[in-house]
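The values are calculated or read from the model by the stated rules, or taken from the named source; none is laboratory data. The model shown is predicted, which means the values in this text are computed figures rather than measured ones. Methodologically, a virtual Cβ is constructed for each residue, glycine included, from the backbone with ideal geometry; neighbour enumeration extends over all protein chains shown. SASA here: full protein model, heavy atoms, side chains in, ligands and nucleic acids out. Shrake-Rupley method; radii C 1.70, N 1.55, O 1.52, S 1.80 Å.
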Amino acid sequence: MKKIMLIICAFLTFTANVYANEKETVKFKKYVDGDTAVFTLNNEDIKVRFLAIDTPETVHPTKKEQAYGKNASEYTCKKITNAKKIELEYDSKSTKLDKYGRTLAWIWVNNSMIQKEILEIGYAQIKYVYGKYSYLDELEKIEEEAKNEKKGLWKDYTAKTYIVTFIDGNDETKVKVNENELVTPLSVSKEGYNFEGWYLNDKEFDFDTKITSNLTLTAKYNKKLVWTEIAIVLVGAVLLYKLNPKKFKKEVKKIMK
């Protein structure tokens, strides 16, 4: 019973700290656009870029106002202006500042993450991701739902498709895959050989990789050793050992390196 209680406690401790990132409470100062705002922290004003999302432009110095940019800005402004509580959560898998010196954080407004809300209504897309951030899997599902339901900036969205080409000797099979989806490995075999895997540029391909371009994957095999071949190798090794023990040991050392 004691062991069971320890396991339960360990599990609860683990689940409670899955996203144990640092948080700080801030006060709203002013909004900039849909994904950027200024907050006051310890009597200092800091410009914060909302981590992992990008809303259409409204105040970019070189770009015109984009569709749904105003909607995103108005939503963010209304949300944070009337907030009773705002917290910044810093992701341990991300840098704290971007290249422009802006703070990067998850924005919690009245205990609700604003990134999730903006993605859900289709006013933003996932962007500028440079690591396995804490809430990324959840955000990707929300974005996918917004795309499927043609919300906001996804109104006229058509998924890009790419071609994954599987080459197995003289056989070639092409598979069409939607952008950011996974491709299923082709099942192949070759008599007398063991299948090693599908390779991309001499490196085994990870089929948990989302497809973002056309790819060509090549099947790699190694020859099966039959018992007669194994027997010949063993006999040869025994003869070499008997005739020339020093050379045998030298060859074994080469193999073991």
*Tell me which of these ALA219 doesn't satisfy, since it passes every other one: (1) closer than 30 Å to GLU117 by Cα; (2) surrounded by 15 or more Cβ atoms within 10 Å (Cβ to Cβ); (3) among the small types (Gly, Ala, Ser).*
(1)
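One line per residue, one yes/no per condition, for (1) aromatic (Phe, Trp, Tyr); (2) at pLDDT below 95; (3) within 21 Å of ASN21 (Cβ to Cβ); (4) open to solvent by 70 Å² or more (accessible area, probe 1.4 Å):
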| residue | (1), (2), (3), (4) |
| --- | --- |
| VAL59 | no, yes, no, yes |
| LYS64 | no, yes, no, yes |
| ALA67 | no, yes, no, yes |
| LYS70 | no, yes, no, yes |
| GLU87 | no, no, yes, no |
| ASP91 | no, no, yes, no |
| LEU97 | no, no, yes, yes |
| ARG102 | no, no, yes, no |
| ILE107 | no, no, yes, no |
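Scanning for something farther than 23 Å from LEU119 by Cβ and in a loop (DSSP other than H, G, I, E, B), does the stretch 157-173 turn up at least one residue?
Taking the stretch 157-173 as the starting set, the residues that turn out to be farther than 23 Å from LEU119 by Cβ are 162-173.
Still in the running and in a loop (DSSP other than H, G, I, E, B): 169-170.
Checking the stretch 157-173: at least one residue is farther than 23 Å from LEU119 by Cβ and in a loop (DSSP other than H, G, I, E, B).
Let me confirm something: among THR76, THR36, which residue is hydroxyl-bearing (Ser, Thr, Tyr), surrounded by 14 or more Cβ atoms within 10 Å (Cβ to Cβ) and at pLDDT 95 or above?
Step by step, each of THR76, THR36 is checked, and only THR36 is hydroxyl-bearing (Ser, Thr, Tyr), surrounded by 14 or more Cβ atoms within 10 Å (Cβ to Cβ) and at pLDDT 95 or above.
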_Residues to consider are THR184, THR173, THR158, THR209; find the one that is in contact with a Phe, Trp or Tyr (Cβ under 8 Å, 6 or more places away or on another chain) and exposed (fewer than 12 other Cβ atoms within 10 Å of the Cβ)._
THR184
*the stretch 63-89 residues that are on the phi > 0 side of the Ramachandran plot, paired with ones that are hydrophobic (A, V, I, L, M, F, W, C) (beta carbon under 6 Å, 6 or more apart)*: TYR68/LEU153
*Residues that are among the β-branched types (Val, Ile, Thr) and either surrounded by 16 or more Cβ atoms within 10 Å (Cβ to Cβ) or modelled with pLDDT of 95 or more (or both), drawn from the stretch 117-155*: ILE118, ILE121, ILE126, ILE142
*Filtering the stretch 187-204 down to residues that are in a loop (DSSP other than H, G, I, E, B) and either touching a residue at least 24 places away in the same chain (Cβ under 8 Å) or among the basic types (Lys, Arg) (or both), which residue is most open to solvent (accessible area, probe 1.4 Å)?*
LYS190
*What single numbered condition from (1) in contact with a strand residue (DSSP E or B) (Cβ under 7 Å, 6 or more places away or on another chain); (2) at pLDDT below 95; (3) surrounded by fewer than 20 Cβ atoms within 10 Å (Cβ to Cβ) fails to hold for GLU24?*
(2)
*Given the conditions (1) surrounded by 12 or more Cβ atoms within 10 Å (Cβ to Cβ); (2) free of Cβ contacts under 8 Å to residues at least 40 places away in the same chain, and given that THR165 satisfies all but one, which numbered condition is not satisfied?*
(2)
